[in-house]
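To start, the structure itself, in structure tokens.
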Amino acid sequence: MKKPSRKSAERVWKEKIKERAKYTCELCYRKDIQLHAHHIERKQSTYMLLYLGNGICLCAGCHMSIHGINGLGALDEVRGRLDTIRGKSWLDRLKRLKNSPPKVSIEEMLKKLKTS
């Protein structure tokens with residue numbers, strides 16, 4: 001059986017992020033628009049690439065704002081809002097995982113995604 005690629009696993013992750021958010025931008029709450037799944041912390045490991053807790057569903061406008069395309073560079077603001085929405089302990093845990101992510105394979109993470 002062919003091993004899943006990072007790209008195919010990330011497609012599943014993106015869909016799960018949007019599904020969890022009920023296809024709504026988690027910052028401006030708009031629906032029925034183009035949505036993006038955005039990684040909150042860098043995806044330097046397989047775990048951080050595919051960990052659902054490291055994702056947020058954004059409309060194209062909010063996503064551009066986060067990356068500073070509109071000159072806003074709003075990532076710190078987003079983290080502050082997530083702190084309110086999901087709780088400070090969630091953001092603290094995410095930071096710890098970023099610094100010391102579990103060693104997992106794409107297959108393990110994909111299996112986890114498909115059952116969540």
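The values are calculated or read from the model by the stated rules, or taken from the named source; none is laboratory data. Since the structure is predicted, the reported quantities are computational estimates derived from the model, not experimental observations. Ideal geometry is used to build each Cβ from the backbone, glycine not excepted, and the neighbour counts take in all protein chains shown.
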Condition check for Asp76: modelled with pLDDT under 80, charged (D, E, K, R) and surrounded by 12 or more Cβ atoms within 10 Å (Cβ to Cβ): no
Mind telling me which of the residues Glu77, Glu107, Glu19, Glu41 ends up being acidic (Asp, Glu) and assigned to a loop (DSSP other than H, G, I, E, B)? Glu41
Leu27 fails exactly one of the following numbered conditions: (1) in a helix (DSSP H, G or I); (2) touching a residue at least 24 places away in the same chain (Cβ under 8 Å). What is the number of that condition? (1)
Does the stretch 51-73 include one or more residues that are in a loop (DSSP other than H, G, I, E, B) and within 14 Å of Leu113 (Cα to Cα)? yes
